[in-house]
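Written below as structure tokens is the structure these notes are about.
The values are calculated or read from the model by the stated rules, or taken from the named source; none is laboratory data. Bear in mind that the values here come from a model prediction, so they are computed numbers and not experimental data. Counting neighbours? That spans all protein chains shown, and the Cβs are built from the backbone with ideal geometry, glycine included.
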């Protein structure tokens, strides 16, 4: 998968409880990703040179610099990245909180011809759920090693987060993802709101606007910069919700959510 700070690691929607108010919105419910119907690929990575013989990684709308020396490097999320080169065609990354808590680990493998990069990400969610995700990237620029630009061609999630939504009032929703112990109360007025959760970046803000009777837009910003913008549309029968969007500049992804 993309590195932890990408837009795929920061997505939040709410756990439904049975109330009269919840029945008034088509968005209310518990939703699960149908990976076979979804198009999750299209995200990009770019590895470029940085000052002091370092490298810069740009993904998910944000960037940070690092060296392949096993030292701690700050990321825009406020966490730490630790990169090591294992061989000429393989690398590892650890993402940790500043107190040392391990958030996730990435294992990178370059194909023999240098045209395909495979990233396997494993970690533990806030609720203790283990996951292992994988993504394959095709080289779009560069000739060797990590350096260059990459676009994902295949993404596989071992344990997609369930999304749930609860209506608090006619213009306010509670967004929550239980596996991450993350929640956010949002109005449809576009006002930016912080997300509560033990592993959520302090600079993350969400904003929401209604775009129709069965649709709304959700924008995620990290430290003031947009990292994701998507529109969610519920089907006429209320059984599916389609999310279209993603990181600005990347090809839009399509996620199909099915009501449980």
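Okay, residues lined up against (1) modelled with pLDDT of 95 or more; (2) outside any strand (DSSP E or B); (3) within 22 Å of the chain's Cα centre (by Cα); (4) assigned by TED's automatic domain parsing to the domain that holds residue 49:
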{"position": "71", "(1), (2), (3), (4)": "yes, yes, no, yes"}
{"position": "78", "(1), (2), (3), (4)": "yes, yes, yes, yes"}
{"position": "83", "(1), (2), (3), (4)": "yes, no, yes, yes"}
{"position": "104", "(1), (2), (3), (4)": "yes, no, yes, yes"}
{"position": "109", "(1), (2), (3), (4)": "yes, no, yes, yes"}
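For segment 132-154, the set of residues classified as in a loop (DSSP other than H, G, I, E, B) and surrounded by fewer than 19 Cβ atoms within 10 Å (Cβ to Cβ) consists of 142, 143, 144, 145, 147, listed by residue number.
Looking only at residues that are touching a strand residue (DSSP E or B) at 6+ places or on another chain (Cβ under 6 Å) and touching a residue at least 24 places away in the same chain (Cβ under 8 Å) in segment 73-82, which one is surrounded by the fewest Cβ atoms within 10 Å (Cβ to Cβ)? Ranking the qualifying residues of segment 73-82, first place goes to 76.
Given the structure, is residue 5 more than 30 Å from residue 235 (Cβ to Cβ) and modelled with pLDDT under 95? Step through it out loud before you land on a result.
Values: more than 30 Å from residue 235 (Cβ to Cβ): yes; modelled with pLDDT under 95: yes.
Yes; evaluated as a whole, the condition is true for this residue.
Would segment 131-149 turn up any residue that is under 22 Å from residue 40 (Cβ atoms), in contact with a helix residue (DSSP H, G or I) (Cβ under 7 Å, 6 or more places away or on another chain) and at pLDDT 95 or above? Taking every residue of segment 131-149 in turn, none turns out to be under 22 Å from residue 40 (Cβ atoms), in contact with a helix residue (DSSP H, G or I) (Cβ under 7 Å, 6 or more places away or on another chain) and at pLDDT 95 or above. Every condition in (1) surrounded by fewer than 18 Cβ atoms within 10 Å (Cβ to Cβ); (2) in the same structural domain as residue 141 (by TED's automatic domain parsing); (3) farther than 24 Å from residue 200 by Cα is met by residue 34 except one, and the failing one is (2). Starting from residues that are in contact with a helix residue (DSSP H, G or I) (Cβ under 7 Å, 6 or more places away or on another chain) and not in a strand (DSSP E or B), keep the ones in segment 155-169 and report whichever is surrounded by the most Cβ atoms within 10 Å (Cβ to Cβ). The selected residue is 161. Just one of the listed residues (230, 235, 251) is touching a strand residue (DSSP E or B) at 6+ places or on another chain (Cβ under 8 Å), under 14 Å from residue 27 (Cβ atoms) and surrounded by fewer than 16 Cβ atoms within 10 Å (Cβ to Cβ), and it is 235.
For the subset of segment 196-216 comprising residues that are under 30 Å from residue 150 (Cα atoms) and surrounded by fewer than 17 Cβ atoms within 10 Å (Cβ to Cβ), which member is modelled with the highest pLDDT? Taking the candidates together, the pick is 203.
Okay, residues lined up against (1) touching a strand residue (DSSP E or B) at 6+ places or on another chain (Cβ under 6 Å); (2) under 23 Å from residue 73 (Cα atoms); (3) in contact (Cβ under 8 Å) with a residue 40 or more places away in the chain:
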position: 93; (1), (2), (3): yes, yes, yes
position: 101; (1), (2), (3): no, yes, no
position: 106; (1), (2), (3): yes, yes, yes
position: 113; (1), (2), (3): no, no, no
position: 122; (1), (2), (3): yes, yes, no
position: 146; (1), (2), (3): yes, yes, yes
position: 151; (1), (2), (3): yes, no, yes
position: 162; (1), (2), (3): yes, no, yes
